[in-house]
Structures are given as C-alpha cells and as structure tokens.
Amino acid sequence: MGQLLIINADIDKSETTAALINAYKSGATTSQIMIKELVIADMKFNSNRQFSLHATENEPDLQHAISLLKWATHIAIFCPVYKDSINTKIKGFFDRVFMPDQVFISNERSTVNNFGGRSARIISILDEPAWTDWQANKHPTYLAIKKNMLEKRQISPVHTSTIGHLYSLENEYSKKWLQKLQSFGLKLI
C-alpha cells in the first residue's frame, strides 16, 4: 500500500488550492492509499537556519515534517507561484528540511540518502497564464523545488504540472484540471 504525503504550500490556504488538493486526494483515496497532509502555513519555524556551521536542534514542526517525508512513498506538493517566484516561507521550508545533516547519513566509506526511492509531483498554481510563466521564468518551482531540492535528494521521478490562473472553479479550464488531478491521485503520479 502506498503512502502519500500532501504538502499544501499555499501560504494563504486558498479555496482554489484546497479544491485541487481534494481532487488529488479523492483519486488517491479510491486506490486505498494512506494519506497524510502537511500545511506549511500552519508550521512554526525559522526559515533561515541560524548558526549554519554548528549543529542546532530543529523546531518541532520541522522534525515532524522530516518524519512525514521519510514515511511517504509519494509526495504531492501544491505550490502557488506569485510574482514569478515561490514564497520565502516555502523556500525556507525546503531549505531547512533538506539540510545535509538530515538528508544524508554518512560515514567514511559511503553516504546513504534517506529520501531515495520516493516519487513526487509538483503542482504549480500560477497567478497568470501558464504559457506566459514558462516563457518568462522557465518555471521557478521546477528550478527551486524539483531540480535543487527533490532530485538532488534522489527523489525520482518528479512529475510536474503547471496550472495557469484559475479565475473560478466553475469554468471548463478548472474542471479539466480537477479531473486531471483526480486521475493523477488515482495513479499516484
């Protein structure tokens, strides 16, 4: 049985993001997948690690997040992109949970990656049409999260979806994406 971790990276916890998450979750529930959720906006942590040269204890919310990431076999990240970038708290979250001392167990002969063997999907939710974002910025969530965080930690494959601005949940464009996300959740891709 698969274990799905849904990360809600919407700092505003909007209705649109909740609807997209629910569509993905409903597909996964049909497959009898174990599901846990993490809401970054509800977490309390310093997004800038202090004293990076010295080992410091993580805040309880980050410790919990790391345990959920280690538990999951598939990670779905719902990440809004505003003004051509991701929110600093989101970037800080990924910087903190994927610090080398949490991701790797090393000894003199080898390095063991604690996050290998997992897959992920990043759902970028834009405040503008998706094509405009791709042309201008080459997908900031893909560079910041997919390439620099997940793939460097051996999480593979990492699928991506970019959803242009959803003006309403009632139009055909929104309904199409809700159906797609339910299908992705069903297959855990």
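The values are calculated or read from the model by the stated rules, or taken from the named source; none is laboratory data. Since we're looking at a predicted model, the values are computed, not measured. Methodologically, a virtual Cβ is constructed for each residue, glycine included, from the backbone with ideal geometry; neighbour enumeration extends over all protein chains shown.
Summary table below
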quantity	calculated
Flag if Ala23 is of a type in the set (Gly, Ala, Ser), assigned to a helix (DSSP H, G or I), modelled with pLDDT of 95 or more and surrounded by fewer than 17 Cβ atoms within 10 Å (Cβ to Cβ)	no
Hits in region 29-80 (condition: β-branched (Val, Ile, Thr) and at pLDDT 85 or above)	Thr29, Thr30, Ile33, Ile35, Val39, Ile40, Ile66, Thr73, Ile75, Ile77
Tally, over region 1-19, of residues that are over 14 Å from Ala76 (Cβ atoms), touching a residue at least 60 places away in the same chain (Cβ under 8 Å) and not small (Gly, Ala, Ser)	4
Qualifying residue in region 4-13 (condition: surrounded by 13 or more Cβ atoms within 10 Å (Cβ to Cβ), modelled with pLDDT of 95 or more and in contact with a His (Cβ under 7 Å, 6 or more places away or on another chain))	yes
For Leu188: the one exception among (1) modelled with pLDDT of 85 or more; (2) touching a Leu at 6+ places or on another chain (Cβ under 7 Å)	(1)
